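A quick write-up on the structure given underneath.
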Amino acid sequence: MDALSEIPLPVWFVIAAAFGLVFGSFVTALSYRLPRGESIAHGRSRCPSCGHTLTARDLVPVLSWVFHKGACRHCNAKVPWRYPLIELTTAVLFVAAVAARLDVVHMGLLLAMTPVIVALVIIDIENERLPNGLVAVLALLAVAWRWFGDGGLLMGLAIAVGVLVLGALIDAGYKALKGVRGLGFGDVKLMALGALALPVGPFLLFLTLTGLFGVVFGAFWQRTRQSNTFPFGPAILASYWICLAAGGFILQEVVASLSG
């Protein structure tokens, strides 16, 4: 551990960015295959246009896309921006996780959660789905986060169950009044994860940020997609990641500003 602590922080940032790009590349495949029922563990990556099997030179995160000018080198079909964008986003979040200066256990857990969170955001945006398998992985990591945090796992479970019940009642009431679903149960499960992982203070911050992000994202979605409904998962997951990484710090700053 002493040897690791002697490594300069910028070096850790470079290492985190490199791993983030690699995991981001995995997220691009996961978020594409999972909604289509394709295997993640089996099958080589292929161009969706021509079906040509991709080799290592085609799969270098970001660089392959730049070098081949955003196109498949076999059929010249355009490769969407989603691929380098997801890879870069994951890399930035990995660096931010290291910069958050969490203890080793929680930093490791946050790094493990990050690809799952990014994958869920992409899938919800593109397919308006939140696969139960990925939510279950986040739930296990949330339990570990709380266990190694304040240890308030029983309280977290109790509040999470309350969130699930309340969310189901709100959804049922909205459906009875409007005839459509108001809050998908997948979104409710994500909010319950916040209750499971976060102590009361950060959890309240999580709810506040979720509401704010939801308003902003919903307005953007409705303006660009001309739709009265929008996926709420990205707002919940963005708030969740921020509160895991810096919820305590944000609360301290808010309290300090109010008391000053």
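Treating each Cα of region 213-260 as an identical point scatterer and summing with the Debye formula, the log10 of I(q)/I(0) at q = 0.28, 0.30, 0.32 Å⁻¹ comes to -0.92, -0.98, -1.04. Normalising the average separation of contacting C-alpha pairs (under 8 angstrom, six or more residues apart) by the number of residues puts the relative contact order of region 189-260 at 40 percent. Taking only the C-alpha atoms of region 102-156, the Rg (one decimal) and the largest Cα-Cα distance, Dmax (whole number), read 12.6, 36 Å. Across region 125-203, the convex hull enclosing all Cα atoms gives 96 Å³ per residue.
Peptide packing for 142-152, 185-195 was compared via the average number of neighbouring C-beta atoms within 10 Å per residue; ordered from the highest value, the list is 185-195, 142-152. Counting only Cα atoms, the size of the chain along its three principal axes is 59, 57, 36 Å, in decreasing order. For the chain, the share of accessible area belonging to carbon and sulfur comes to 69 percent (1.4 Å probe, ligands and nucleic acids excluded). Here LYS189 is the anchor, and the lysines within straight C-alpha reach of less than 29 Å, apart from those fewer than 8 places off in the same chain, are LYS175, LYS178. The eigenvalues of the Cα gyration tensor, multiplied by 5 and square-rooted, give region 50-137 an equivalent ellipsoid with semi-axes of 29, 18, 11 Å from largest to smallest. Legend: translational diffusion of region 69-120 by Stokes-Einstein, Rh = Kirkwood radius over C-alpha pairs, 4 °C, 1.567 mPa s; D = 102 µm²/s. Short-range pairs are left out: with C-alpha atoms under 8 Å and at least six residues apart, the relative contact order of the chain is 17 percent. List the pair-distance distribution P(r) of region 166-260, using every Cα-Cα distance, as the percent of pairs falling in each 10 Å bin from 0 up to the bin containing the longest distance, rounded to whole percents. Percent of Cα pairs in each bin: 16, 39, 31, 12, 2. Computed on region 35-97, with alpha-carbon pairs under 8 angstrom and 6+ residues apart, the relative contact order is 22 percent. Screening the chain for whole DSSP H helices of 20 Å or more along their axis (Cα) with average Kyte-Doolittle hydropathy at least -0.5 returns 9-33, 82-99, 104-127, 132-147, 153-178, 200-225, 233-259.
The values are calculated or read from the model by the stated rules, or taken from the named source; none is laboratory data. Bear in mind the structure is a predicted one, so any value in this text is a computation, not a measurement. Glycine gets a Cβ as well: all are built from the backbone with ideal geometry, and neighbour counts include every protein chain shown. The protein model used for the area step is the full one, side chains on, heavy atoms only, and it has no ligands, DNA or RNA in it. Shrake-Rupley method; radii C 1.70, N 1.55, O 1.52, S 1.80 Å.
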